[in-house]
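Below: one structure, written as structure tokens.
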Amino acid sequence: MAHSDLLVARGLCKSYEGRRVVDGLDLHCEAGTVLGLLGPNGAGKTTTLRMLYGFIEPEAGEILYDGKPFAAHRSECKRMIGVCAQEDTLDHDFSVERNLRVYATYFQPRIADIDKRVKHLLDLFGLTPHAHQSPEQLSGGFKRRLMIARSLVHEPRILFLDEPTTGLDPAARVEVWQLVSTLRAQGLAIILTTHYMDEAERLSDECLILSRGKAVAQGAPRALLGTILGEHVAVVPAAQIEAEALERWARAELGAAPARVLEDWQVPLTAAQLVAFSAQFPNARFTVRDPTLEDLFLQLSAGDETAALRPT
Amino acid sequence: MTWNPYLGDLADWRTRAVFVRNTRVYLRNWRTAFLPPAIEPIVSFLAFGLGLGAYVGSVQYKGSAVGYASYMAPGLLAQTVFATPFFEALYSSYVRMFYQKTWDGLLATQVELRHIVWGEITWASARGVLNATVVACVLGGLNLLGVVHLQWHWLPLLPLVGFVAGWSFAAFALIFTAIVPSIDHMNYPVFLVGVPLGLISNTYFPLPVHNPVLAALVQCNPIYHLSESFRSLLLRGEPDMHLVWLLLTSSVFLLVCATLAQRLVRKRVLGE
């Protein structure tokens, strides 16, 4: 555990109806950094997040906030965290401004100057012109801004963002990214889950990739790609190559079948594998690009993640 | 923390925060929230107290003949004390839990589910006091007009007595809130539980109980003791043993129902 780790979780486990959803998960997050929690549907991201912010109890393992065990200092730890859930949980009975004020009453010790804090958040999130409107009157992007602003009203040190840009248009997404970047610069530790790989790549200092409840990789996004996928991705039009031959070669040489996206095969390769690939399929025409987290995500979703992690 | 682990949370600031949140919403909509409790007893009173009462004439109450309108008036108050928390904890709590996701928002704060449950129960009971106060004012007005003959000086106290009973009715309703699959299924607790309990409670008519099983059931029914204790205070001007039974049955009812509601709500919301 690094000295500045605000959140440390060790050996987290959770099962539902006899099925292990999270299995011995370790993670940590430092102040002023963003930890991206990634993985295909059913990987255990939301369950992990819910255990971390106390919505559900882990069966095993421990969670520490600023060195304090969550189980023993639950209220004190919850005072440190802010949660922006995936679903709209805004209080539609109150105005935008009132949402912030009322939400602040759910925390103790109270914020010393709530008027100043609410004004600051309304300004920071561009909500001042909408302060007296109902959340129902806001666009999707502004609702999301209000959700994030509300989760910060009590000045937490750790922020959980569960798919903060799902359903937003590109401009609103960029605005949320800007806000996340600002909050990180202010020293918040942020735990982010997202399905958008470009978002995870841009925002995360470190990514934790989950598959079937287990951490299959952790590290800085670029380092992860280099380690797991290699330096290149060959994009091969399906018409250029016989599917069976490609799959056979990929399984033998790479340990996993390549991903198929519409009419293209996407084959992650190291430099040496790229040479071998060219030699194996000399007549195939293909392009080569840098790998992205999306390639890694597709690789894991293919269901052969253990093979994908075999050193190449 | 008391011997019942849930009761310790009753006085917690987080329970108060949930209660205050619901109060704020009520105060925001007070004009519309105020209308039903003011209109409904007047309509019921006109229809049953005066309309039906004209045919019934008088009924026997503890050896004396009492006009039906006066007999029914305490029952009307008791019915409000029962129905308001019951429906508030049934429908409004369900809407806050399922549709509005208000509880999910609260659970992301220092507020825990057990505080939400106590906050909802206490709020529903307080809502019963508010509505009962409006009904008491209406009855006070009818008393002034000479339509009913009540020991009116007891009226201000009764909504507060109803607060204790309202707690148990709200906790009882929250059990169903936790288990009904959808809001359409609320008809089951309303018509299979709420309405029959209201019927065997002497609210609108004296119940001739000859069957010993039914008699025992009636004795365990807090609504029965509620309407009878109100009747004794408003018609005779003195408390009787029903008041003691009301506090006793309500306390037992509250303890059992609140404990069960906590467990069932936890299972529904947290899946535990």
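Go ahead and run the numbers for FRET between A:Glu244 and A:Ala279, Cβ-Cβ distance against an R0 of 25 Å, rounding to 0.05. After rounding to 0.05, the efficiency reads 0.85.
Take each residue of peptide A:100-106, count the partner chain Cβ atoms within 10 Å of its Cβ, and average: the result is 5.
Selection among A:Phe281, A:Ser181, B:Trp167 by position relative to the dipole of the protein assembly as shown gives B:Trp167 as farthest towards the positive end (Cβ unit charges, Cα centre).
The alpha-carbon atoms of the range A:230-308 define a convex hull whose volume equals 82 cubic angstrom per residue.
Label separation (B:Ala38 vs A:Lys116): 4.4 nm, computed from points 7 Å beyond Cα along the C-beta direction. Could you tell me the distance between the Cα centroids of the range A:96-164 and the range A:222-292, to the nearest Å? Computed from Cα coordinates, the inter-centre distance equals 47 Å. Between the alpha-carbon centres of the range B:84-125 and the range B:135-192 there is a gap of 19 Å.
Considering only B:Gly146, B:Gly166, B:Gly119, the mean-square fluctuation computed in a Gaussian network model of chain B, springs between alpha carbons under 10 angstrom, is largest for B:Gly146. Count Lys and Arg as plus one, Asp and Glu as minus one, and take only other residues whose Cβ is under 11 Å from that of A:His73; the net charge is then +2. The relative contact order of the range A:230-308 comes to 44 percent, based on Cα pairs under 8 Å that sit 6 or more residues apart. In loop segments of the range A:58-116 as defined by DSSP, the GluC sites (Glu not before Pro) with at most 16 further C-beta atoms inside 10 Å of their C-beta are A:Glu59, A:Glu87. Legend: helices of chain B (whole DSSP H runs) are marked when their alpha-carbon atoms reach 18 angstrom or more along the helix axis and their mean Kyte-Doolittle hydropathy is at least 1.0; marked are B:158-179, B:241-270. Each label point was placed 7 Å from the Cα along the Cα-to-Cβ direction; for B:Trp30 and B:Leu144 their separation is 2.0 nm. Pick out, from A:Thr270, A:Gly219, A:Leu203, the residue whose Cα sits farthest towards the positive end of the charge dipole of the range A:196-275, with +1 on the Cβ of Lys and Arg and -1 on the Cβ of Asp and Glu. Of the listed residues, the answer is A:Gly219.
Extension gain, B:Phe205-B:Ala11: 0.36 nm per intervening residue step, less the Cα-Cα distance, totals 66.0 nm. Placing pseudo-labels 7 Å out from each Cα toward the beta carbon at A:Thr227 and A:Thr287 gives an inter-label distance of 3.0 nm. Peptide B:261-270 shows a mean partner chain C-beta count of 1 within 10 Å per residue C-beta. A straight Cα-to-Cα reach below 16 Å connects A:Lys119 with the aspartates and glutamates A:Glu97, A:Glu155, residues fewer than 8 places away in its own chain not being considered.
Residues within the reach of a label modelled at A:Arg19 (point 7 angstrom out along Cα to beta-carbon, backbone nitrogen below 15 Å), restricted to the range A:203-218, are A:211-214.
Counting Cβ atoms of other protein chains within 10 Å of each Cβ in B:96-103 and taking the mean gives 3. Each residue of the protein assembly as shown gets 192 Å³ once the volume of the Cα convex hull is shared out per residue. On the beta carbon distance between A:Asp123 and A:Arg202, with R0 = 25 Å, the FRET formula returns roughly 0.50. Once the Cα-Cα distance is subtracted from the 0.36 nm per residue extended length, the B:His185 to B:Ser251 segment shows a gain of 21.0 nm. Pair-distance distribution of the range B:7-270: all C-alpha pairs, bin width 5 Å, starting at 0; shares per bin in whole percent are 1, 6, 13, 18, 18, 16, 12, 8, 5, 2, 1, 0.
Read the figures in this text as sums done on the coordinates, not as results from a lab. Every value quoted in this text rests on a predicted model; they were computed, and no experiment measured them. Cβ coordinates were reconstructed from backbone atoms using ideal geometry, including for glycine residues, and neighbour counts include every protein chain displayed.
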